[in-house]
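Following: one structure in structure tokens, then a few remarks.
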Amino acid sequence: MDTARFFAPDYREARRKFLASAEAAGAELDHFRHPTEKAPDGSPLYMDTAWFGPKDAPVVLLALSGTHGAEGFAGSAAQIQWIEDGTAKRLPKGVAVLKVHAVNPFGFSHMVRVSEGNVDLNRNWLDYSQPLPENPIFDEVEAALPKREGYDDALVDEHIAAAKPFYEKYGDWAMSDALSRGQYKHPDGAQFGGLKREWSTHALDYVIRTKCAEAKHVAYIDWHTLIRIGDGNFVYLCFNQIGDPLHKRVADWYGADTIDRKTINKQWGDGIARSGGRPGRYGLVFWGLQHILAPNADIAGSVIEFCANKEEHNDPLRHRTQLQLKSRWLFRNRKYDTKEGKAIVEELRDNTTPLRRDWEEASLASARQTYEKILAGAGEWAKENAAVKIGKLTLFDAGGQA
């Protein structure tokens, strides 16, 4: 497989490849330019959409990439591969496909997970007229962390030492949960969900309201990276409520064991050190889209995590801590043209999307299979002429503990 056809070295090339493939395949394209931010080279930033199939299709397969910025390379490649496979010319009756490329173009281009406001967009879909969620353990840890900036060995030691007493006090699960679910008090801290909706959130809201207005059902993929449980593996995070018909529909697509909480907890625990299972979440994109679509349409699907082999480091915790500090340094200083900045960009790129041909091949093979499964499921959904079943609406999930 010529993986270079699909993977790109940077946001600008990923966008070029996506648009060229979509245009050649006859997609209806739309472009949403970021009103304030630019790429490191000064070029404009866009969220782009490509629509394939009938405008009045009752079922829309919605695929997102780049919600977490720099994680967008693999999702972009999977989108481009699907387009170039020619599947758009043989869609099941009653099915259209909407691809959203670079939900977070700032993070994608700047090689960070967050938006221009240091916001995790997958924690940003809340009702900001209501009191925001509390995260008291995170507050304690944040107060204890060193305040100086950098990523030198001494600072890494200080961060690890500062967090250690809290792991001893609360345990690995509670700490993993607190440090991942999202927080709304520390704008400069990790996992910040924002004090208002970001531009990307507003833009995606507009895209879904306008482009899915005729849909009854939406089949959902949001591509992410990177869990360390082996090249070519995927983790399927279904956020439909367990037990409702939409959750069962996703199970029919991918297999009940694949989305079972026990499976996810084991995969998460194996792939991320010191985690006893998948943490809880506040304000996911998926739940925000549920609210937008209701009551006229329902949505079923998964966040899908590309996986890779475990990192070969003597001290994985130390390595991850240093990477987090490097990402924060890059976000705050924007020194992309320096030798230091270029080295960090390359390391972060490899960490979110491994620069290995064998990884790219295994990942794209799995992505192709996933698209085949969800597209077949979307076709069955359309054939059934099923009634809309919204399910329980929420903006919060407690996660799971293995």
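The values are calculated or read from the model by the stated rules, or taken from the named source; none is laboratory data. Keep in mind the model is a prediction, meaning the values are calculated, not measured. For neighbour counting, all protein chains shown are included, and Cβ atoms are generated from backbone atoms with ideal geometry for every residue, glycine included.
Filtering region 107-121 to residues that are in a helix (DSSP H, G or I) and either farther than 16 Å from residue 193 by Cα or without any contact (Cβ under 8 Å) to a residue 60 or more places away in the chain (or both) leaves 107, 108, 109, 110.
Restricting attention to region 1-15, the residues that are touching a residue at least 60 places away in the same chain (Cβ under 8 Å) and farther than 18 Å from residue 70 by Cα add up to 3. Applying a threshold of 7 Å to beta carbon distances and a minimum spacing of six or more residues, or different chains, the list of pairs starting in region 245-256 at a residue that is assigned to a helix (DSSP H, G or I) and ending at one that is at pLDDT 95 or above and among the acidic types (Asp, Glu) reads 246/298. Of the residues making up region 110-133, not a single one is more than 24 Å from the chain's Cα centre (by Cα) and hydrophobic (A, V, I, L, M, F, W, C). Residues in region 291-315 that are assigned to a loop (DSSP other than H, G, I, E, B) and either loosely packed, with under 14 Cβ neighbours inside 10 Å or not hydrophobic (A, V, I, L, M, F, W, C) (or both): 295, 296, 309, 310, 311, 312, 313, 314, 315. Of the numbered criteria (1) more than 30 Å from residue 150 (Cβ to Cβ); (2) at pLDDT below 95; (3) under 18 Å from the mean Cα position of the chain (by Cα), the one residue 287 fails is (2).
The residue that is surrounded by the most Cβ atoms within 10 Å (Cβ to Cβ), counting only those in region 181-193 that are within 17 Å of the chain's Cα centre (by Cα) and under 16 Å from residue 112 (Cα atoms), is 193.
Within region 257-274, take every residue that is in a loop (DSSP other than H, G, I, E, B) and closer than 24 Å to residue 64 by Cβ and give me the one that is modelled with the highest pLDDT. Going through the qualifying residues, I end up with 260. Residue pairs whose Cβ atoms lie under 6 Å apart, sitting 6 or more positions apart in sequence or on different chains, and linking a residue in region 168-190 that is charged (D, E, K, R) to a partner that is surrounded by 22 or more Cβ atoms within 10 Å (Cβ to Cβ), are 177/279; 181/279; 181/281; 181/282.
Being under 19 Å from residue 355 (Cα atoms), crowded, with 20+ Cβ neighbours inside 10 Å and of a type in the set (A, V, I, L, M, F, W, C) is not true of residue 32.
Consider region 154-167 and keep the residues that are closer than 30 Å to residue 341 by Cα and without any contact (Cβ under 8 Å) to a residue 40 or more places away in the chain. The one that is surrounded by the most Cβ atoms within 10 Å (Cβ to Cβ) is 163. Just one of the listed residues (295, 316) is more than 30 Å from residue 205 (Cβ to Cβ) and of a type outside the set (Phe, Trp, Tyr), namely 316.
Rundown of residues vs (1) surrounded by fewer than 19 Cβ atoms within 10 Å (Cβ to Cβ); (2) in a helix (DSSP H, G or I); (3) at pLDDT 95 or above; (4) aliphatic (A, V, I, L, M), yes/no style:
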| site | (1), (2), (3), (4) |
| --- | --- |
| 215 | no, no, yes, yes |
| 218 | no, no, yes, yes |
| 236 | no, no, yes, no |
| 276 | no, no, no, no |
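Summed over region 122-148, residues that are more than 14 Å from residue 190 (Cβ to Cβ), touching a residue at least 60 places away in the same chain (Cβ under 8 Å) and of a type outside the set (Phe, Trp, Tyr) total 5.
To keep it simple, each residue is scored yes or no on (1) of a type in the set (Phe, Trp, Tyr); (2) within 23 Å of the chain's Cα centre (by Cα).
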{"position": "26", "(1), (2)": "no, no"}
{"position": "45", "(1), (2)": "no, yes"}
{"position": "66", "(1), (2)": "no, yes"}
{"position": "82", "(1), (2)": "yes, yes"}
{"position": "95", "(1), (2)": "no, no"}
{"position": "102", "(1), (2)": "no, yes"}
{"position": "105", "(1), (2)": "no, yes"}
